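Here's the structure we're looking at; comments come further down.
The values are calculated or read from the model by the stated rules, or taken from the named source; none is laboratory data. It should be emphasised that the depicted structure is a prediction, and the values quoted were computed from it without experimental measurement. We place every Cβ from the backbone using ideal geometry, glycine too, and count neighbours over all the protein chains shown.
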Amino acid sequence: MKKLLLLLTVIALLFIGCKKDNSDSAGSSTNLDGYWDNGEIIVHIQGTEGRFYQIKQGEWKRVWEQGFVSIGSLKFRYISKLKTDEFFQGQELWYRGENLVVLETAFSGTGEFNLRNDGTKLYVNTINPWGANWSTVEYTRVYP
């Protein structure tokens, strides 16, 4: 019985010693990696880029239907972490249109990406590339 208890203790200590620290893994509160939904689109962020994963409805559906973006196209680029765990910077793809016709797409200048609610909400604040209007869009982490 003592040998069995000793063996289980050794196994437990080995398991604890080998356990990986996942504090900055996908789905953690300090990492943007994952799938983000704003109600119209789902974007998959991995590393320094975010790509369209699903286009469900709204204006981005029109941009997709008119051939300006596709699933897998970049929505965000040049994402990098700032000094704190909740703040990132990067560029966001915008579109410009008139009378239901999309004229062009372009990336914003560098804006702020802010994580909140323990990493479940992402607020992307970037400036319109054709003007001086800032826009903030809220995304919800859907997976992981």
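Does E40 satisfy being farther than 19 Å from E138 by Cα, acidic (D, E) and surrounded by fewer than 15 Cβ atoms within 10 Å (Cβ to Cβ)? First the steps, then the outcome.
Values: farther than 19 Å from E138 by Cα: no; acidic (D, E): yes; surrounded by fewer than 15 Cβ atoms within 10 Å (Cβ to Cβ): yes.
The answer is no for E40.
So is G131 surrounded by fewer than 12 Cβ atoms within 10 Å (Cβ to Cβ), at pLDDT 95 or above, part of a loop (DSSP other than H, G, I, E, B) and not charged (D, E, K, R) or not?
Values: surrounded by fewer than 12 Cβ atoms within 10 Å (Cβ to Cβ): yes; at pLDDT 95 or above: no; part of a loop (DSSP other than H, G, I, E, B): yes; not charged (D, E, K, R): yes.
In short, no.
Which of the following residues is over 22 Å from P129 (Cα atoms) and β-branched (V, I, T): T84, T48? Let's see the steps before the verdict.
Numbers: T48 fails: over 22 Å from P129 (Cα atoms).
Unique residue meeting the criteria: T84.
Quick one: A26 ticks every box in (1) at pLDDT 95 or above; (2) in contact with a Pro (Cβ under 7 Å, 6 or more places away or on another chain) bar one, so which box is it?
The single condition A26 does not satisfy is (1).
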